[in-house]
Amino acid sequence: MNDGINRRNFLKLAGLGGAVFASGLYPGIGTAADSPMADFFFVQLSDTHWGFEGAPNPDAKLTLKKAVAAVNGLEQQPDFIMFTGDLTHTTDDGQERRRRLAEFREIVAGLKNQNVRFMPGEHDASLDSGAAYKEFFGRTHYTFDHKGVHFIVIDNVSDPAARIGEEQLQWLAADLKQLPRDARIVVFTHRPLFDLYPQWDWATRDGADAVNLLMPFPNVTVFYGHIHQEHHHMTGHIAHHSAKSLIFPLPVAGSQPKRTPLAWNPAEPYKGLGFRRVGAEVKQAKYAIIELPVQKA
Amino acid sequence: MRLRRIHLALFALVAGATSVGLYAAAQPQERVIRVVSKKFTFTPNELRLKKGEPVIIELVASDVFMGFSIPDLKFRGDMIPGKITRMRFVPEKAGKFTVICDVFCGDGHEDMHGLISVVE
């Protein structure tokens, strides 16, 4: 990190599991100077809930479009963009679900960088085991490699009971078996793989099985969504980083009796919402995480 | 014809109860508490139990697949339409504990809560 990043208003700057955190303000974010050692950048967007209507976000029809504009406005475009689930808000009506998925896809087609990857959240996939989602975005779990990092997308939502399932765990084990122990591994999931707060269903029932499979690898980092807020946690040497939402923030786990969304504040619209840019330093297996707002401050 | 339908319904309930696999032999004196789920509520949504006193929880789903979970007490059961899940439950600690649905069931799932009060 250099003076360029120090001049910005850091909310925090701390090391955790090879990650460095910062809150970035516009303009100028997205320059190479922010993470001078990064080999590449990616952007994580999460929990857009397209189709949601309600008081927690009276601007719901525009928030995703503003986020797309914000990503397009980055001075340096990321290598790729990852959406970590809950692309749409759930509905019992399969036709309406498909309409929302189609509209979501149309909006994100406006991203300047079209190297975009997706995964479902429970709102997209749990009511039909991912059937509609697959029609639009294909597989719900997959891997890809980018500049020395092995990315693994784990689906812990197509089963409404929040299980990865034995079949997918075997697939994960087979994939990991091919990798050298010092492989740089990044996992994307929707739900946390650890018991963050099961009292609010913030967990994956067999998430520990996936973590156990990953544990022999010293360089693993997990990025996920679901809880609509930034959160950082370690399971052994594995770091887990949740992202903010792009529809409404949720309270800190256990801070109130129910997990009702935080109220929209007209004086501070979009407060608590945002996306993040992640700079990967491959050799060191470090990730510089910069949280970005939906629109310029 | 109507009698036959009732017989079939009773058969389905009995078959469901035995197929769940979570059935534990109930002692005659143990209290039976039936909890019925319906989007997006549990009825009753508050149970009062006594610490150490075993009860039989009967879980019935009236519309869609749901889950009855008390994470703090490590107790959960599936609520499957057409079946009755019977589970023996012995609360081991006193206090108030949140009940949630841990099977995503639709727009309202996140608001589906209940409460277990366990007294000494």
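No lab work stands behind these numbers, since they all come straight from the coordinates. Remember, predicted model here, so these are calculated numbers, not experimental data. Every residue, glycine among them, receives a Cβ derived from its backbone with ideal geometry; neighbour counts consider all protein chains shown.
Under the rule of at least 5 residues apart or a separate chain, name every residue whose amide H is placed under 5 Å from the amide H of A:LYS286.
A:GLU281
Would you kindly derive the ³J(HN,Hα) couplings of region A:48-63 from the backbone phi angles with the Karplus curve 6.51 cos²θ - 1.76 cosθ + 1.60 (θ = phi - 60°), listing them in order in whole Hz, with x for Gly and Pro?
Each residue of region A:48-63 in turn: 7, 6, 4, x, 5, 9, x, 4, x, 8, x, 10, 4, 6, 10, 4 Hz.
Once amide H atoms are built 1.01 Å from N in the peptide plane, which residues 5 or more positions from B:LEU49, or in another chain, come under 5 Å H to H?
Counting only residues 5 or more places away or on other chains, the set is B:SER117, B:VAL118, B:VAL119.
Explain nothing, just compute: Karplus ³J(HN,Hα) = 6.51 cos²θ - 1.76 cosθ + 1.60, θ = phi - 60°, for every residue of region A:221-229 in order, whole Hz, x for Gly and Pro.
Using θ = phi - 60°, the values come out as 9, 10, 10, 8, x, 6, 9, 6, 5 Hz.
Kindly state, to the nearest 0.05, the FRET efficiency for B:ARG88 paired with A:ASP93, given R0 = 30 Å and r defined as their beta-carbon distance.
Values: r = 39 Å, r/R0 = 1.31.
Efficiency, rounded to the nearest 0.05: 0.15.
Run through region A:110-192 and list the trypsin sites (Lys or Arg not before Pro) located in a DSSP loop whose Cβ has at most 15 other Cβ atoms within 10 Å.
Details: sites: A:LYS112, A:ARG117, A:LYS134, A:ARG139, A:LYS147, A:ARG163, A:LYS177, A:ARG181, A:ARG184; in loops: A:LYS112, A:ARG139, A:LYS147, A:ARG163, A:ARG181.
Those satisfying the criteria are A:LYS112, A:ARG139, A:LYS147, A:ARG181.
Using per-residue counts of other Cβ atoms within 10 Å, averaged over each peptide, order A:64-73, A:250-259, A:79-88 from highest down.
Details: A:64-73: 18.4, A:250-259: 14.4, A:79-88: 25.0.
With the highest mean Cβ count within 10 Å placed first, the list reads A:79-88, A:64-73, A:250-259.
Considering the alpha-carbon set of region A:172-295 alone, what are its Rg and its Dmax in angstrom?
16.0, 52
Distance cut-off 19 Å, Cα to Cα: go down the list A:LYS65/A:LYS134; A:LYS66/A:LYS286; A:LYS134/A:LYS244; A:LYS258/B:LYS96; A:LYS66/A:LYS271; B:LYS39/B:LYS96 and report the pairs above it.
On the way: A:LYS65/A:LYS134 23 Å; A:LYS66/A:LYS286 29 Å; A:LYS134/A:LYS244 25 Å; A:LYS258/B:LYS96 14 Å; A:LYS66/A:LYS271 14 Å; B:LYS39/B:LYS96 23 Å.
Listed pairs above 19 Å: A:LYS65/A:LYS134; A:LYS66/A:LYS286; A:LYS134/A:LYS244; B:LYS39/B:LYS96.
PRE reach from B:PHE65 (point 7 Å along Cα→Cβ): which of region A:113-140 fall under 14 Å by backbone N?
A:125-131
Where does region B:29-120 land on Rg/Rh, using Cα atoms and the Kirkwood Rh?
0.95
Over region A:192-237, what is the relative contact order in whole percent, taking alpha-carbon pairs under 8 Å and six or more residues apart? Walk me through the numbers on the way to the answer.
Working: 33 pairs, mean separation 16.2, N = 46.
It comes to 35 percent, rounded to a whole number.
Report, largest value first, the span of the C-alpha coordinates of region A:3-292 along each principal axis, in whole Å.
Projected onto its principal axes, the Cα set of region A:3-292 covers 48, 46, 39 Å.
Work out from phi, with θ = phi - 60° and the Karplus expression 6.51 cos²θ - 1.76 cosθ + 1.60, the ³J(HN,Hα) of each residue of region A:154-160, listed in order in whole Hz, and give x for Gly and Pro.
Couplings: 10, 8, 10, 10, 5, 7, x Hz.
R0 = 30 Å: FRET efficiency of A:GLN114 with B:ASP72, Cβ-based, nearest 0.05? Don't skip to the end; give the middle numbers.
On the way: r = 46 Å, r/R0 = 1.53.
Using R0 = 30 Å, I get an efficiency of 0.05.
Could you grab the relative contact order for chain A? Cα pairs under 8 Å, six or more apart, rounded to a whole percent.
On the way: 671 pairs, mean separation 69.0, N = 297.
Relative contact order, chain A: 23 percent.
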